[in-house]
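Trainee: The structure that follows is given in the form of structure tokens.
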Amino acid sequence: MNNYVSAVCKTVHYHIRALRHIRSSMSEYMAKMVACALAGSRHDNASCLVWNHSEKNIFKLQKAQNRLARVVTRPP
């Protein structure tokens, strides 16, 4: 499960970096939609699978989700 969570976090961080580059040209609503479509769906899938697993994996996913929220709510 550790390898799966690491791979999901790596993918989510890749999409966060891509979103950060184009965030200034988007409205907050559009950024929320893009974030949910690209990164959020992968994150949610992994969150369901790690239920009752190690705190370390949950912390990794929470950290990725917090970073995504900061990018989306950042003013343009």
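Just so you know, all these numbers are worked out from the coordinates, no wet-lab data involved. Please read all numbers here as calculations on a predicted model, not as lab measurements.
Trainee: Roughly speaking, what is the stretch gain from Thr11 to Met30, that is 0.36 nm per residue apart minus the C-alpha to C-alpha distance, in nm to one decimal? Could you put the intermediate results ahead of the total?
Mentor: Values: separation 19, 0.36 × 19 = 6.84 nm, distance 2.04 nm.
That pair, Thr11 and Met30, stretches by 4.8 nm at full extension.
Trainee: Tabulate in residue order the Karplus-calculated ³J(HN,Hα) for segment 14-30, using 6.51 cos²θ - 1.76 cosθ + 1.60 with θ = phi - 60°, rounded to whole Hz; enter x for Gly and Pro.
Mentor: Calculated HN-Hα couplings, in order: 4, 5, 5, 4, 5, 5, 4, 5, 10, 4, 5, 9, 10, 7, 5, 4, 5 Hz.
Trainee: Could you give the length gained by full extension between Arg70 and Asn3, i.e. 0.36 nm per residue of separation minus their alpha carbon distance, to one decimal place?
Mentor: Length difference between fully extended and current span is 21.6 nm.
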